[in-house]
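First comes the structure, then the notes that go with it.
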Amino acid sequence: MELMAPTHFVIWNNESIGSPPARRSVVFKYPEVEKVLLSFSIDFAVNGSSRSYLDPIKPDTINGKTLKIQDLPSDPTSLRVVDRTDLDITPMVKTSAEGSDNIFEVNYIAGDRSFLRRHVGVLTLSVTVVTPERKLVRYCFFCGAQNEVGAKQCSRCGRLLEVGGEQTTACPKCGETIPLRPDIRFCDKCGALQEVGPSVQLKTKTCKKCGATIEAEALYCSKCGSPQ
């Protein structure tokens, strides 16, 4: 099973289980995850097996790591029917854009050996994968810094992000319309550096702190970051 899209997935769907442990492999294909939550329900009473119960020491393991479940009863007979929801297993799972294999195991004690080769219970187990929300950004025309989409002023250089009434050109990378000015060096949409034509000469000055050559109107040095 491969998990790629941010959603809810069922690994065992009300399925009969036999000899312990119940074990399955799941491949996570996510560049990064914000949270992974596990929910499960296990019932050993459904087939009348009075001696089978969830292992209280290591009820669930993921990639060999034991998931600690709070408030499990110490009496084994109370572990014949167990339900838990939204257990945080984020630190236990492995994920990557190429795909990472994860081993899920549910451990239980089959007290009566006559049941070892038969169905001893019913298991439902699912995971919910939450991925980081993609945040849109707006690039500053002047210094290339990322700003929130609704920002009016650059958080790095302080210049106004709103421009208009000027001659424009198209970004060679994404085609976005860009004001044709020598001091605008970055695309507002994709952040690509714009080439300055041979007829345009940028005025420069020397950074007061590090001596780097920077644009004459720059408020901050592009090399050392010091205010000008």
*Which percentage, to the nearest 5, of the DSSP beta bridges contained in the stretch 2-130 is antiparallel?*
95 percent
*When a footprinting reagent is the concern and you count Cβ atoms within 10 Å, what order do H8, H119 take, fewest first?*
H8, H119
*asked:* Taking R0 as 45 Å, what FRET efficiency do you get between T177 and K94 from their Cβ-Cβ distance, rounded to the nearest 0.05?
replied: 0.55
*Reachable lysines from K208, criterion Cα separation under 20 angstrom, eight or more residues apart if same chain*: K223
*Can you work out ³J(HN,Hα) from phi for every residue in the stretch 88-100, in order, using Karplus 6.51 cos²θ - 1.76 cosθ + 1.60 and θ = phi - 60°, giving whole Hz and x for Gly and Pro?*
6, 10, 3, x, 8, 8, 10, 8, 6, 5, 7, x, 10
*Estimated translational D of the stretch 2-130 in µm²/s (Stokes, Kirkwood radius over Cα pairs; 37 °C; 0.692 mPa s)*: 218 µm²/s
*Positive dipole terminus of the stretch 2-130, leading residue within F44, Q70, V26 (C-beta point charges)*: F44
_Cα-centred dipole magnitude for the stretch 2-130, charges only on beta-carbon of K, R (+1) and D, E (-1), debye, nearest 20_ = 460 debye
_For the pairs K65/K189; K94/K173; K29/K65; K29/K173; K35/K173, flag any whose C-alpha to C-alpha distance is greater than 32 Å._
K65/K189; K94/K173; K35/K173
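Any read-out appearing in this document is the output of simple, stated calculations on the displayed coordinates, not a laboratory observation. From a predicted model like this one, the values you see are computed outputs, not experimental measurements. Please note: Cβ atoms are built from the backbone with ideal geometry, for glycine as well, and neighbour counts cover all protein chains shown.
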